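The values are calculated or read from the model by the stated rules, or taken from the named source; none is laboratory data. All values derive from a computational prediction rather than experimental measurement. Quick note on the areas: whole protein, heavy atoms, side chains included, nothing else; ligands and nucleic acids left out. Shrake-Rupley method; radii C 1.70, N 1.55, O 1.52, S 1.80 Å.
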Amino acid sequence: MQNPIEVLEFSLAQEKYAVESQYVREIHPLKEMTPLPCTPPFVVGIVNVRGRLVPVLDLKKFLDLPEKGLTDLHFIILVRGEDFEVGIVADVIVGVHSIAVDTLQPTLATLTGARSEFLKGVTAERLVVLDLKRILADPRIIVHDEVES
């Protein structure tokens, strides 16, 4: 296998997704999330992880996927960007494995809009590898608290 990357595979809306494991810090069951008012719809709340308050993103809303609501059967994948940490909601955690970067196809015809914009590639098994670095750099996920003077 040439140019392998290690990815964490999970499911969202009955589709298979993956992110590079280099960004993944830990995985937790979704419990005791506090909603955050006045945030974009894909910022579904915050969780307390050992004293750290971490915002939680629902990639289903961010990527315009069908959603069925959140339950305590969901998981939060804690990922770290350059300057901050966020949680992303996953329906099911599948596992960690390696894939060859040179086998990734650029896109699928069914992936449009935000899903294709944040895509690193798709495997022959239709596993969508997300470009988490690009997602975490998107200005829409940064909430700026500005006070008028």
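Tell me the carbon and sulfur percent of the accessible area for region 1-49, rounded to whole percent, probe radius 1.4 Å.
52
Rounded, prolate or oblate: which fits region 1-68 when a ≥ b ≥ c are the square roots of the eigenvalues of the alpha-carbon gyration tensor, with rounded for a/c under 1.5 and prolate only if a/b beats b/c?
oblate
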